[in-house]
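So the structure is just underneath, and the comments pick up after that.
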Amino acid sequence: MNLVLSKTDSGRAVSNVFVKANGRLPGAGSVADIRARAFEAYKRAGLPHRRIEEWKYTDLRVLMHHVLPLAPQPDAAALARARAAVAQAAVEKRAVEGAAKLVLVDGVFSPNLSDIAELGQSVNVRTLREVLDDPANEGRGDLLLTTTTDAVISLNAAMVTDGVVITVTDGTELCRPIQIVHVATTSSASSFTRSHLRLGKGVQAAVVESFVAVEGARNHQANDAVIVSVGEAANLDHLHVMVGGADATNISSGFFVLEASAKLKLFSMNCGGAVSRYQAFITLAGEGSELSANGINLVRDKQHGDTTLIVDHVVPHCTSRANFRAAVDDRGHSVFQGRIIVRPDAQKTDGRMMTRALLLSDEAEADNKPELDICADDVTCGHGAASGALDEALLFYLRARGLSEKEAQALLIQAFLGEAIEEIADRTLREFAILQAERWLGARG
Amino acid sequence: MALLEVKDLQVRVEDREILHGLSLTVNPGEVHAIMGPNGSGKSTLSHVIAGKPGYEVTGGQILFRGEDLLEMAPDERAAKGVFLAFQYPVEIPGVATMNFLRTALNAQRKARGESEYSTPDFLKKVREVSKSLNIPQDMLKRGVNVGFSGGEKKRNEILQMALFEPSLCILDEMDSGLDIDALRIAADGVNALRSPERAMVVITHYQRLLNYIVPDFVHVMAKGSVVKTGGKELALELEGSGYAQFEHAA
């Protein structure tokens, strides 16, 4: 079935994209072999579509049609535009205040736009490109491997041009967030990035990934993957933000492995882009590790926003909490898919997942699909999903107190989203998320 | 000029007519009690004056200082000085009471072309009023009415009344769910707001409340219209004889 479907124009077009890009992709020898195999895997499957269960509500053949050519290596003019966009984002408070930025322009790391020096001795940052190009590093090919067979991730492995590889030494407490900023400067082009984050034992860190497009950069496709290991007793506040580019397509995948007693607070925030999918795969691999995964998805016009969360409890005594909220206006489409997997050994697992969608127009659509997949017998797990309109009784109460219809709606939407946003532990990150949500609400016509 | 004039008001909900030609005139400074059995249309009247959706006005009019109230959105009515103290104040999780009070007050002031309250002035005012109503400060930090007792919810309504300084207060079954001490605190709060410029319409099923908030006029409603009007002594009379006589007559 898939073989038949992949014999389409889009399938052939992407072959050309890979062939054309090949000269620019880092890593020779074994790395090139891994890329070629990844591309073959992608080509067999093609873009995911509705008959692939994991992509049932986000059919990329319909939403993306095809993969656009790789964005060219940014020249001086592109870097100047990116610099201006980064500066502008700071002025408009679209960047996290005080964060040390690592900037990727059209899929290529830009040292001049980044604040590496400010990160200090205990944080090592290299580019993915330099690691892949280093023949002395025998394990370099592993950076392109993940445990999933998802076609978009295979495509990412095949096409990736750059990323950052961050290692934080045991016991480090980072005093400022690290923000990986992806800037798109070209139109009708794609970028493929992959970053690694390794937090040693007891590390305390806050990390943000965000995506922006410079003015005039239209119809950009980004495919990003971040692979994170949270060391023993380490604590990570991780925020994924998609704000910019009304016609952008963003496919982001996050892989997180938690060692014993590690804590991850993950927040995904989507309030921009024509098509966005954030898929997070979290493995609770060490006993006593804790996950709190939350997020908000704000869609309007004809935007499509998908959050997919796979929580894998592998060992006993781990806790996971997930709380997602969506506000859907106009003809927007919000998707939440979540699964808690409890492996046979993962006794005493405590897992809960809740998703709620607020439908703000008659044509708004929300698909909520939380699932449990439990193979152990001594666990506490639960999930729930709800969608509905704003409560008329609450709206009337507020209006009877003098709030206009829009003000009353905004206050109630804010309260609805606030219950998820409050879960962000880092104050700077929380305030940033509140501001972005307020902005989205303020732009409601 | 009368503050509120309800003239021959007819109201339907879905296919049922609830009010059949109700008239009522309220002047500044007056306190009117509206009494009547369950289902007589008392709450419908309060909802229609405040602008709650779901009611169809099929005849008559409501004038507020001579202006057509039915043409205004609920928030415009609030800004003009109409205040409904709800029988069942709703709980709004996630909206802190303080933030709500301030947003509402400033929205009303803005609609009237007045300047917004400064933070110190606002806080001072809230503190004064909440103290007189025996509302602890930590209650104001919680979500609007979330986890409040029946008495606390009603006091929160009166707190808003005191802050917004409306010219017409409609109290819908303020006594429901209150014990005698809570009722006294609430009534004291209301009495403190009586003034020559401000009118009140007190809707109640029981005479008891009117021992604390003494009305100038008492209207008896039955089956969707006012069937008898008198002074405060009418309430006492009803306490003895009940509403049955009016239900048969109407």
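The values are calculated or read from the model by the stated rules, or taken from the named source; none is laboratory data. Note that the coordinates shown come from a computational prediction; the quantities given were computed from them, not determined experimentally. Here the Cβ positions follow ideal geometry from the backbone for every residue, glycine too, while neighbour counts run over all protein chains shown. Please note that ligands, DNA and RNA were not included when accessible areas were found on the heavy atoms of the full protein model with its side chains. Shrake-Rupley method; radii C 1.70, N 1.55, O 1.52, S 1.80 Å.
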May I ask you to say which residue of A:R439, A:R444 is away from every other protein chain (no Cβ under 14 Å), of a type in the set (D, E, K, R), in a loop (DSSP other than H, G, I, E, B) and surrounded by fewer than 17 Cβ atoms within 10 Å (Cβ to Cβ)? A:R444
Kindly indicate whether A:I153 is of a type outside the set (G, A, S), touching a Ser or Thr at 6+ places or on another chain (Cβ under 8 Å) and not in a helix (DSSP H, G or I). no
Residue match in segment A:23-38 (condition: under 23 Å from A:T249 (Cα atoms) and modelled with pLDDT under 90): yes
Open to solvent by less than 60 Å² (accessible area, probe 1.4 Å), more than 16 Å from A:A38 (Cβ to Cβ) and touching a His at 6+ places or on another chain (Cβ under 6 Å): is that true of A:V165 in this structure? yes
Report, by residue number, each residue of segment A:396-409 that is more than 9 Å from every other protein chain (Cβ to nearest Cβ) and either buried (at least 19 other Cβ atoms within 10 Å of the Cβ) or β-branched (V, I, T) (or both). A:Q409
Please verify whether segment B:227-243 includes one or more residues that are assigned to a strand (DSSP E or B), at pLDDT 95 or above, in contact with a strand residue (DSSP E or B) (Cβ under 6 Å, 6 or more places away or on another chain) and under 22 Å from B:V13 (Cβ atoms). no
Identify the single condition in (1) in contact with a strand residue (DSSP E or B) (Cβ under 9 Å, 6 or more places away or on another chain); (2) modelled with pLDDT of 90 or more that B:K153 does not satisfy, given that it satisfies every other one. (1)
Considering only residues that are more than 8 Å from every other protein chain (Cβ to nearest Cβ) and either open to solvent by less than 10 Å² (accessible area, probe 1.4 Å) or touching a Lys or Arg at 6+ places or on another chain (Cβ under 8 Å) (or both), which ones fall in segment B:58-81? B:T58, B:G60, B:Q61, B:I62, B:L63, B:F64, B:R65, B:E67, B:L69, B:M72, B:K80, B:G81
In segment A:249-274, what count of residues is obtained for those that are open to solvent by 10 Å² or more (accessible area, probe 1.4 Å) and either within 22 Å of A:M64 (Cα to Cα) or assigned to a strand (DSSP E or B) (or both)? 8
If a residue must be part of a loop (DSSP other than H, G, I, E, B), under 17 Å from B:A104 (Cβ atoms) and either open to solvent by less than 20 Å² (accessible area, probe 1.4 Å) or touching a Lys or Arg at 6+ places or on another chain (Cβ under 7 Å) (or both), how many such residues does segment B:165-194 contain? 2
Among the numbered conditions (1) exposed (fewer than 14 other Cβ atoms within 10 Å of the Cβ); (2) more than 14 Å from chain B (Cβ to nearest Cβ); (3) farther than 23 Å from A:M269 by Cα; (4) not polar (S, T, N, Q), tell me where A:K348 comes up short. (1)
Note on B:G94: of the conditions (1) part of a helix (DSSP H, G or I); (2) within 9 Å of chain A (Cβ to nearest Cβ); (3) open to solvent by 40 Å² or more (accessible area, probe 1.4 Å), unmet is (1)
Among the listed residues A:L68, A:L102, identify the single one that is surrounded by 19 or more Cβ atoms within 10 Å (Cβ to Cβ), under 23 Å from A:R140 (Cα atoms) and within 23 Å of the chain's Cα centre (by Cα). A:L102
Working only within segment B:82-91, note down all residues that are within 17 Å of B:P53 (Cβ to Cβ) and within 8 Å of chain A (Cβ to nearest Cβ). B:L84, B:F86, B:V90
Which ones in segment A:71-80 are assigned to a helix (DSSP H, G or I) and either surrounded by 19 or more Cβ atoms within 10 Å (Cβ to Cβ) or within 24 Å of the chain's Cα centre (by Cα) (or both)? A:A78, A:L79
How many residues, within segment B:97-112, are closer than 19 Å to B:S130 by Cα, facing another protein chain (nearest Cβ under 8 Å) and open to solvent by less than 20 Å² (accessible area, probe 1.4 Å)? 3
Report, by residue number, each residue of segment B:152-164 that is more than 16 Å from the chain's Cα centre (by Cα) and either within 14 Å of chain A (Cβ to nearest Cβ) or open to solvent by less than 10 Å² (accessible area, probe 1.4 Å) (or both). none
Sole residue being among the charged types (D, E, K, R), open to solvent by less than 80 Å² (accessible area, probe 1.4 Å), more than 24 Å from A:D150 (Cβ to Cβ) and at pLDDT 90 or above, chosen from A:D59, A:D115: A:D115
